[in-house]
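See below for the structure under consideration.
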Amino acid sequence: MTLTAPTAIDYSLPVSIEEVTRTADALRERGIKVQIVDTAAQALAKVHEIIPPGATIMTAMSQTLQEIGLEAQLINKEHPWVNLKDEILAQTDLAAQMELRKKSTLSPWYLGSVQAIAQTGELVIASGSGSQLPAYAYSSPNLLWVVGAQKIVPTLEDGLRRIREYSLQLEHVRMQAMGYPGAMLTKILIIEQEPPQMGRNANLILVNERVGA
């Protein structure tokens with residue numbers, strides 16, 4: 001695929017705490033529950049605080065969840081939850097595994113991250129497969145995103161630009177390092193708000209440092 005030319009903007013730098021606080025307030029006005037923490041370790045502890053023991057969870061592929069240490073806990077089964085990904089990865093029949101992946105979009109808890117947050121409160125999620133988007137948009141009753149402060153941008157337009165000029169570039173390099181041809185951007189989800197009549201529980205942990213891409 002043809003990639004957008006790299007940008008001169010450094011999207012890896014966390015914004016100020018004032019901008020983090022302003023963004024958190026904007027998210028809350030749009031129906032997202034926000035917790036602000038200072039470090040990746042505190043983010044991991046907050047995940048354990050928010051999700052009750054015994055809950056059934058599913059995780060999207062996320063560098064952020066890997067960097068805070070959650071992925072290692074899930075792999076090593078050092079957690080108090082039922083992890084649907086264990087059942088998916090244990091299934092060797094590809095057709096049956098795909099069915100389990102589809103069903104996982106109904107998981108009681110769905111965890112992941114986003115590629116950008118506008119200071120005006122919109123969340124922007126990019127995907128190659130779209131597998132996490134049904135849960136984020138509708139099907140999971142409880143959501144939890146963990147997001148580093150470097151993903152905060154001034155406007156929604158800046159968020160879309162961050163995806164094309166930065167996030168996709170990084171993902172392309174990562175995929176090539178794994179032996180694949182490169183990254184594909186096939187779907188973008190913009191969450192404007194979480195309407196209260198839906199009765200969903202949407203949570204976001206903002207980490208006041210760089211974590212994830």
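The values are calculated or read from the model by the stated rules, or taken from the named source; none is laboratory data. Here the structure is a predicted model, which means the values were calculated and not measured. We place every Cβ from the backbone using ideal geometry, glycine too, and count neighbours over all the protein chains shown.
Here are some residues: A116, A90. Which one is over 23 Å from Q169 (Cβ atoms) and aliphatic (A, V, I, L, M)?
Values: A116 fails: over 23 Å from Q169 (Cβ atoms).
Residue meeting the stated conditions: A90.
Evaluation of M58 against the conditions (1) surrounded by fewer than 15 Cβ atoms within 10 Å (Cβ to Cβ); (2) in a strand (DSSP E or B) shows that the sole unmet condition is (1). If the condition is being modelled with pLDDT of 95 or more, in contact with a Gly (Cβ under 8 Å, 6 or more places away or on another chain) and among the polar types (S, T, N, Q), then the stretch 23-62 contributes T23, T59.
Conditions tested, residue by residue: (1) among the charged types (D, E, K, R); (2) under 17 Å from the mean Cα position of the chain (by Cα); (3) part of a loop (DSSP other than H, G, I, E, B); (4) within 24 Å of L170 (Cβ to Cβ).
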{"residue": "S12", "(1), (2), (3), (4)": "no, yes, yes, yes"}
{"residue": "V15", "(1), (2), (3), (4)": "no, no, yes, yes"}
{"residue": "E18", "(1), (2), (3), (4)": "yes, no, no, no"}
{"residue": "A26", "(1), (2), (3), (4)": "no, no, no, no"}
{"residue": "K46", "(1), (2), (3), (4)": "yes, yes, no, no"}
{"residue": "E49", "(1), (2), (3), (4)": "yes, no, no, no"}
{"residue": "A72", "(1), (2), (3), (4)": "no, yes, no, yes"}
{"residue": "E78", "(1), (2), (3), (4)": "yes, no, yes, no"}
{"residue": "K85", "(1), (2), (3), (4)": "yes, yes, no, yes"}
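Quick one: would you say T2 is farther than 25 Å from P108 by Cβ, modelled with pLDDT under 95 and surrounded by fewer than 16 Cβ atoms within 10 Å (Cβ to Cβ)?
Details: farther than 25 Å from P108 by Cβ: yes; modelled with pLDDT under 95: yes; surrounded by fewer than 16 Cβ atoms within 10 Å (Cβ to Cβ): yes.
It is true that T2 is farther than 25 Å from P108 by Cβ, modelled with pLDDT under 95 and surrounded by fewer than 16 Cβ atoms within 10 Å (Cβ to Cβ).
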